[in-house]
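Notes follow once the structure below has been shown.
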Amino acid sequence: MRISRVAVAGASGLIGGALSRSLRSDGVEVVRLVRRTPRAEDEIRWDPQARFVDAGDLAGCDAVVNLAGAGVGSRRWTEAYKARIRDSRVLGTAALAEAIAAMDSPPRVFVNGSAIGYYGKTGDRIVDESAPPGEGFLPEVCVRWEAAAAPAERAGVRTVLVRSGLVVARSGGAWARLFPLFRAGLGGRMGDGGQYWSFVSLHDEVAAIRHLLDSEELSGPFNVTAPEPVTNREITAAMGRVLKRPTPFPVPAAVLRTVLGEMAEDVLGSARVVPKRLLESGFRFTYPGIDEAVRAAL
């Protein structure tokens, strides 16, 4: 059955905005969840901190997609900001899952964001969706984030958990910080450059979410990353090739730790994550390689 009406939390963000545009281009009605008083017919109010969304406002939606959450790389990780990262995801997910579970006619599918931070540092070891969670702040957040979606699943709603990798895009996310540096000829590897970064183009991220929305037999966790993770050293070389700029300025690990604090450990950590279940479901990537993904972002 075709999805015709979707509620999106996080529609103002990089992925949520791109997803909303893609859906609308195909004639799907998109309803945006906003934290302020709604100003348009396609907006409904919610308060993720208070775990509130009116289930009645979700009536008639075939799907709910939750991509909301404070930016992980937006600022230094103070204890207060770490709490904001966690609560914006866990409380918002709980609000939506509980509202969905309370509906007489709930949506057919609940797609909830997550991240490959679930696995923590994997080194050179390749991991797929069968791997257990890692240790540390981001794995703990992801475990709680995913668990908060349980009320919708218990209510019989098909629930999909999208564990996204690093999205290659110019206009938002962590990669948006890299493009200006590399364009200026100031880019370089981070640390020793040997750590794996599991990336995905914005185009393929959106296409994968739409695939998961439409495939009625799919549920549970799905890694949304390109099939072949590459090292930070390889990414540095690809950025230089595509942008035709030198990459002479490596950033030592000690400098990253000074500038970024605790977050530096995740920048320097290696996560070699593959999308096993997504590929098995028949999804095919348009931009599977790092050079292709960088070019697609320009």
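The values are calculated or read from the model by the stated rules, or taken from the named source; none is laboratory data. A quick note: this is a predicted structure, and the numbers were derived from the prediction, not measured. Every residue, glycine as well, gets a Cβ built from its backbone with ideal geometry; the counts of neighbours run over all protein chains shown. For accessibility, only protein heavy atoms count, side chains too; no ligands or nucleic acids. Shrake-Rupley method; radii C 1.70, N 1.55, O 1.52, S 1.80 Å.
What to note about this one:
- Residue among Ala63, Ala70 that alone is under 29 Å from Asp214 (Cα atoms), touching a Lys or Arg at 6+ places or on another chain (Cβ under 9 Å) and touching a residue at least 60 places away in the same chain (Cβ under 8 Å): Ala63
- Given (1) in contact with a Lys or Arg (Cβ under 9 Å, 6 or more places away or on another chain); (2) buried (at least 19 other Cβ atoms within 10 Å of the Cβ), number of the condition Glu29 does not satisfy: (2)
- Among the conditions (1) more than 19 Å from Leu243 (Cα to Cα); (2) in contact with a Gly (Cβ under 8 Å, 6 or more places away or on another chain), Ala207 misses just one, which is (2).
- From the options Ala176, Ala184, Ala131, residue that is at pLDDT 95 or above and not basic (Lys, Arg): Ala131
- Restricted to the range 85-98, and to residues there that are open to solvent by 30 Å² or more (accessible area, probe 1.4 Å) and within 18 Å of the chain's Cα centre (by Cα), the residue that is nearest to Val72 (Cα to Cα) is Arg86.
- Members of the range 269-289 that are farther than 16 Å from Val167 by Cβ, outside any loop (DSSP other than H, G, I, E, B) and open to solvent by less than 70 Å² (accessible area, probe 1.4 Å): Arg272, Leu279
- Looking across the range 99-117, just one residue is open to solvent by 30 Å² or more (accessible area, probe 1.4 Å) and assigned to a helix (DSSP H, G or I), and that is Ala101.
- The listed residues are Val141, Val157, Val127, and the only one of them that is β-branched (Val, Ile, Thr) and touching a residue at least 60 places away in the same chain (Cβ under 8 Å) turns out to be Val127.
- Hits in the range 118-146 (condition: open to solvent by 20 Å² or more (accessible area, probe 1.4 Å) and among the β-branched types (Val, Ile, Thr)): Ile126, Val143
- Complete set of residues in the range 48-84 that are of a type in the set (Asp, Glu) and either closer than 22 Å to Glu29 by Cα or open to solvent by less than 40 Å² (accessible area, probe 1.4 Å) (or both): Asp54, Asp57, Asp62
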